[in-house]
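Okay, so here's the structure we're looking at.
The values are calculated or read from the model by the stated rules, or taken from the named source; none is laboratory data. None of the values given here were measured: they were computed from a predicted structure. Don't worry about glycine lacking a Cβ; one is built from the backbone with ideal geometry, like all the others, and counts go over all protein chains shown. What goes into the accessible areas is simple: the full protein's heavy atoms, side chains included, and nothing from ligands, DNA or RNA. Shrake-Rupley method; radii C 1.70, N 1.55, O 1.52, S 1.80 Å.
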Amino acid sequence: MITVSLKPGVRLVTNAPESLIIEAPGARMRLSRLGPAARELLQRLATAPLAWDTRVSGELVGLPRCDRALAVPVLNQLAGRRLVQFGCAVGRRQLMIASPTGGPARFELDAECGDRPVRLSRFTYIRSRHQELVLECPQRFLRLHLLAPEVISILPLLAYGCSFADLCEQIPACDKEETAEAVRFLLAAGAIGVISSAGALDEDTDPQIAPREFHDVAFHASTRQGLTDNAFGGIFPFLGKLPPAPALKPAMSEIRIPLAVPDMARVMRHDPRLATVMEARRSVRRYGDQALTAEELGEFLYRTARAQFILPPDPASGRFYEATRRTYPSGGAAYDLELYLTLNDCDGIASGVYHYEPSEHALSLVNDQPGTIEALLKNARSQTGQEEVPQVLLTFASRFNRLSWKYRAISYATTLKNAGVLYEAMYLVATAMNLAPCALGGGDSALFSLAAGLDPMIESSVAEFILGTRSPLDLQAGLVPPGRESQNAPADPGAIPPPAENPE
Ligand SMILES: Cc1cc2nc3c(=O)[nH]c(=O)nc-3n(C[C@H](O)[C@H](O)[C@H](O)COP(=O)(O)O)c2cc1C
């Protein structure tokens, strides 16, 4: 049978006629405008768990005003607020508990499959959480706590797909009643689905759900407030246990190349206006005959990626780690993204893989093996669908601990947002400089980790960007690269004054 109970720590504190007040760990909520059925249901749950017997229809035992059809949406609403949980029991033996993780949790109390074949949903996964084996159902925002080894033993067969009769035949030792209850419960939680005559589950044919990938669904459900019960935001789980990673990665080699610093006052006077740049921005995947110059590369990196200054830790403001200021924003000012440049054709700097040092505004050589450089560039080219090899490949690699030391649930989600922000900063600056920019979404992280000598568990590439000079066919009218226009050009009346470089 299925039981419904308030989650541990949830209790009804006020039972006034106009509203009910419920306390849950870390929350207190007033539930007003409840209908008589919902009120009766909650009051009943506050005293004892409710047994939900699928064999009984109509009125719920002991709840004269609460019809079963009324109870299902009310219970799912309570589940969505993480107030109730569902149990699977045979007699006094608990087999599983389904606990809602967030907002739209859905448990179909009356689900029934009879002897039709069922299969595990491709979104369901098993894992160890807080030293306990759980089955996560992110498609329903439910977590199943597996309490009985018999339930675990049927999961491999359910992965292939089978009927209740198949289960009993293949696991002769299984208790039929427990197996029937377990299958019904897994179905109610959406952990399994009924296989159609065409061999598909609903999720495989529903046009809204069929294209969605397991890891995307799991990632989204685990990283958005309201959907997850993971501790959220900047919670500093390792404060006092592990030191934070430094804001700036130490130099990766002694072979360092200082980069040209642009005259920013001049850039600000002569740069095209933001609206002009935004309207003109396009991805460009073919290049001019001339190589990108070291000066252009220096200006591009200075404008997009340099650290303007270092911010020491400031516990009083809740920042327990060193941060930096840069021209693009970054979650928590943590700037987890390191930039690596694979130079193919840069006038003034030898071909190689370099790490960009954002506070020194310098490159340090990481790898100069021609085969490695060629492989990275070939991989980049393969993502453009073009023949031309990019002049410069920029690889964004995240030092994961910069964010996971502070954020738990949202670290990697923040990394990807940071990469998006940096993409746009690079697009805009490259467009303003009349260079050829293009984001790349599918670089080879294994190849990059070998090239840079990095452990991808610690620091790994997450995005790429390619850059070069523009082909004469793509040179943009109205966008004159700074340094190539008349030195006496009038100042742009719309130019924004330069910020102070280092207020500290
Ligand atoms: C996240 C992201 C990934 C991208 N990946 C690639 C890619 O792998 N190859 C490519 O040629 N263009 C890639 N692009 C560029 C898009 O194809 C391009 O932005 C889109 O077609 C719109 O064209 P536009 O940038 O010229 O306006 C990517 C863009 C973004 C934002």
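Residues checked against (1) within 16 Å of the ligand (Cβ to nearest atom); (2) over 24 Å from GLY442 (Cβ atoms):
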position: GLY352; (1), (2): no, no
position: LYS378; (1), (2): yes, no
position: ARG408; (1), (2): no, yes
position: ASN418; (1), (2): yes, no
With the first residue restricted to the range 412-436 and required to be at pLDDT 95 or above, and the second required to be among the aromatic types (Phe, Trp, Tyr) and assigned to a helix (DSSP H, G or I), Cβ contacts under 9 Å at 6 or more apart or on different chains are TYR412/PHE219; ALA413/PHE219; MET426/PHE300; VAL429/PHE300; ALA430/PHE300; MET433/PHE300; LEU435/PHE300
Being touching a residue at least 40 places away in the same chain (Cβ under 8 Å), polar (S, T, N, Q), in contact with a Phe, Trp or Tyr (Cβ under 9 Å, 6 or more places away or on another chain) and within 28 Å of PRO243 (Cβ to Cβ) narrows THR324, THR304 down to just THR324
With respect to TYR427, determine if the residue is assigned to a helix (DSSP H, G or I) and within 15 Å of the ligand (Cβ to nearest atom). yes
Picking from GLU150, GLU136, GLU112, the residue that is acidic (Asp, Glu) and more than 17 Å from ALA188 (Cβ to Cβ) would be GLU150
Does VAL118 satisfy the criteria of being of a type in the set (A, V, I, L, M, F, W, C), touching a residue at least 60 places away in the same chain (Cβ under 8 Å) and within 20 Å of SER153 (Cα to Cα)? yes
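Residue-wise test of (1) open to solvent by less than 10 Å² (accessible area, probe 1.4 Å); (2) without any contact (Cβ under 8 Å) to a residue 60 or more places away in the chain; (3) assigned to a strand (DSSP E or B); (4) not polar (S, T, N, Q).
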| residue | (1), (2), (3), (4) |
| --- | --- |
| PRO329 | no, no, no, yes |
| ALA350 | no, yes, no, yes |
| LEU363 | yes, no, yes, yes |
| ASN379 | no, no, no, no |
| PRO390 | yes, no, no, yes |
| THR395 | yes, no, yes, no |
| SER398 | yes, no, yes, no |
Residues of the range 68-112 classified as of a type in the set (A, V, I, L, M, F, W, C) and outside any helix (DSSP H, G or I), total: 14
By residue number, the members of the range 264-278 that are part of a loop (DSSP other than H, G, I, E, B) and in contact with a Gly (Cβ under 9 Å, 6 or more places away or on another chain) are PRO272, ARG273
Flagged in the range 1-54 as over 34 Å from the mean Cα position of the chain (by Cα), part of a loop (DSSP other than H, G, I, E, B) and not charged (D, E, K, R), in numbering order, are MET1, ALA16, PRO17, LEU34, GLY35, ALA48, PRO49, THR54
Are any residues in the range 430-447 more than 11 Å from the ligand (Cβ to nearest atom) and open to solvent by 20 Å² or more (accessible area, probe 1.4 Å), and if so, which ones? ASP444, SER445, ALA446, LEU447
In the range 271-286, residue nearest to the ligand (Cβ to nearest atom) [restricted to those that are closer than 24 Å to GLN391 by Cα and basic (Lys, Arg)]: ARG282
Only one of ILE458, ILE496 is at pLDDT below 95 and either within 16 Å of the ligand (Cβ to nearest atom) or open to solvent by 50 Å² or more (accessible area, probe 1.4 Å) (or both); which? ILE496
